[in-house]
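Here, each number is a calculation from the coordinates, and none is a lab measurement. Worth saying up front: this structure is predicted, and the values here are computed from it rather than measured. Positions of Cβ are generated from backbone atoms using ideal geometry, with glycine treated the same way; all protein chains shown enter the neighbour counts.
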Amino acid sequence: MKKFWLAAVVSAAMVQPAFAENGSGCGLGSTIFKGQSGLVPHVLAATTNGTSGNQTFGMTTGTLGCNVNAPITLIVSMYVDQNMEQLARDMSRGQGEHLDALATVLKIEAADRPAFNNAVQTHFDSIFTNENVTSSEVIEKLAVVMQNDPTLIKYLG
């Protein structure tokens, strides 16, 4: 329990008002390496963000350089870009932490989450068309899937 409170205090101390400016998205790594330039700090920040699983926490609470008041398209774009592999895995299974976080970012209501999870799993091959697909392409394909689903179309609005 002490570790939880220590982590909460450290996280609270790292609250930032806007997205991290180092190109690695938001999260603990972006906070630690903020202001540093070059390939190595960017890779270390992105790796820390990806392996520590803290972006969901940051996006939910508005901490760790994650601005929950930024335009939703920017948040979605950054989240998908920083979590492509994890999202691909979760979408292929129709469940998972990263897919849940994406649904949260898209503001999909709890009652519609099963429809969302089913839609992305069913249309996985049309969303992740190849191993070199870009995050922009994933977002575009996801929008097409949602547009063609009577339950999910309302979230594109």
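Multiply the residue gap between Ala111 and Ser92 by 0.36 nm, knock off their C-alpha separation, and tell me the result in nm, one decimal place.
Result: 4.8 nm gained on full extension.
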Highest mean first, what order results for 78-84, 93-99 on Cβ atoms within 10 Å? 78-84, 93-99
Compute the length gained on full extension between Ser136 and Asn118: take 0.36 nm times their separation in residues and subtract their Cα-Cα distance, giving the result in nm to one decimal. 4.3 nm
